[in-house]
1. Scan the stretch 111-169 residue by residue and report those that are of a type in the set (Asp, Glu), modelled with pLDDT of 95 or more and under 20 Å from Tyr297 (Cα atoms).
2. In the stretch 125-144, what residues are closer than 24 Å to Val160 by Cα, among the hydrophobic types (A, V, I, L, M, F, W, C) and touching a residue at least 60 places away in the same chain (Cβ under 8 Å)?
3. Give me a count of the residues in the stretch 200-259 that are more than 19 Å from Thr87 (Cα to Cα) and among the polar types (S, T, N, Q).
4. Do we find that Tyr73 is surrounded by fewer than 23 Cβ atoms within 10 Å (Cβ to Cβ), among the aromatic types (Phe, Trp, Tyr) and not in a strand (DSSP E or B) in this structure?
5. Please find, within the stretch 280-305, the residue that is surrounded by the fewest Cβ atoms within 10 Å (Cβ to Cβ) out of those that are under 21 Å from Leu141 (Cβ atoms) and touching a Phe, Trp or Tyr at 6+ places or on another chain (Cβ under 6 Å).
6. Only one of (1) under 15 Å from His93 (Cβ atoms); (2) in contact (Cβ under 8 Å) with a residue 40 or more places away in the chain; (3) surrounded by 19 or more Cβ atoms within 10 Å (Cβ to Cβ); (4) not β-branched (Val, Ile, Thr) fails for Ala67. Which number is that?
7. Give me a count of the residues in the stretch 161-199 that are over 24 Å from Gln12 (Cβ atoms) and under 11 Å from the mean Cα position of the chain (by Cα).
8. Right, Tyr232: surrounded by fewer than 14 Cβ atoms within 10 Å (Cβ to Cβ), aromatic (Phe, Trp, Tyr) and in contact (Cβ under 8 Å) with a residue 60 or more places away in the chain or not?
Amino acid sequence: MSDPALTKAQTQILAAREGVPVIKAFFDPPTFTVTYVVHDAQTLRAAVIDSVMTYDPASGRTNVQSADPVIAYVEEQGLTVDWHLETHAHADHLSAAPYLQQKLGGKIAIGAHICEVQHMFGTLFNVGAEFPRDGSDFDHLWADGDSFAIGNLSVTVLHVPGHTPACVAYVIGDAVFVGDTMFMPDYGTARADFPGGDARTLFRSMRRLLELPPETRLFLCHDYLPEGRDHYVWETTVAEERRANIHAHDGISEDEFVAMREARDATLDMPRLILPSVQVNMRAGHLPVAEDNGVAYLKIPVNQL
């Protein structure tokens, strides 16, 4: 079956022999999340991918201790940030994109299917007309196969649903930022039991990514330090995932994967920060509109997840 977006990404990776992106990772231990600053060495134009705002659920307080090192690095390197890119509406941390945008400029962007997520979770949280559910909280929405540039770096967007309906991967030069679609080979793959998730769709999205050239570098949004490894890692390759991913290596059938993933997901607890995270991230990292006392509130729907 013809896949023009994937063909575009494959061609881009094979052509990226010079001017590969400069990549700096920032790991947030409380949420096991990796934020990336990606820039073009020639023009010093940059993007920030999957940023983290620190949040304490006991006090309801946010702080910027995870975001400020990103700002310091951008300023030290003399970078100009054009984009704050989200791979999806995260369920394990609050996005720091609005804070970073205020400090560094740039536009906030996510996949166009975020509207589906906004409808589902807008209903769950019973939000009113102040939440439009049309993606307009974001500055830009990406469709599958969209192209743009970070300086001289070519970028192709691939829609890779399954973990959520809105997941996208960013192919930047010869590197791919896959979000939660897959993890290191010794940890496996993302869960698919959130509202709008689907294990069969996730398998097809992973296999789509694994059709990229074998040497393609994959940068992951999380690492959870599986048993037997004593250090965090978040970079691998297509070849290594195809050879060794414990859930989805070559030879695993779609039906086998779906059976494994659904059985495993049934044993997992909801992420600790899913309720505050999704309420904020479906709004592009903004808090809900403050009430008449000037305070913003997050809702806790009881017995719904």
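1. Result: Asp137, single match.
2. First, the residues of the stretch 125-144 that are closer than 24 Å to Val160 by Cα: 133-144.
Still in the list and also among the hydrophobic types (A, V, I, L, M, F, W, C): 138, 141-143.
Phe138 - this is the single residue of the stretch 125-144 that is closer than 24 Å to Val160 by Cα, among the hydrophobic types (A, V, I, L, M, F, W, C) and touching a residue at least 60 places away in the same chain (Cβ under 8 Å).
3. The number of residues fulfilling the criteria is 2.
4. Numbers: surrounded by fewer than 23 Cβ atoms within 10 Å (Cβ to Cβ): yes; among the aromatic types (Phe, Trp, Tyr): yes; not in a strand (DSSP E or B): yes.
Yes.
5. Residue satisfying both the conditions and the ranking: Ala284.
6. Checking Ala67 against (1) under 15 Å from His93 (Cβ atoms); (2) in contact (Cβ under 8 Å) with a residue 40 or more places away in the chain; (3) surrounded by 19 or more Cβ atoms within 10 Å (Cβ to Cβ); (4) not β-branched (Val, Ile, Thr), the one that fails is (2).
7. Of the residues in the stretch 161-199, 1 are over 24 Å from Gln12 (Cβ atoms) and under 11 Å from the mean Cα position of the chain (by Cα).
8. On the way: surrounded by fewer than 14 Cβ atoms within 10 Å (Cβ to Cβ): no; aromatic (Phe, Trp, Tyr): yes; in contact (Cβ under 8 Å) with a residue 60 or more places away in the chain: yes.
Criteria not met by Tyr232.
The values are calculated or read from the model by the stated rules, or taken from the named source; none is laboratory data. Keep in mind it's a predicted model, so treat the numbers as computed, not measured. Every residue, glycine among them, receives a Cβ derived from its backbone with ideal geometry; neighbour counts consider all protein chains shown.
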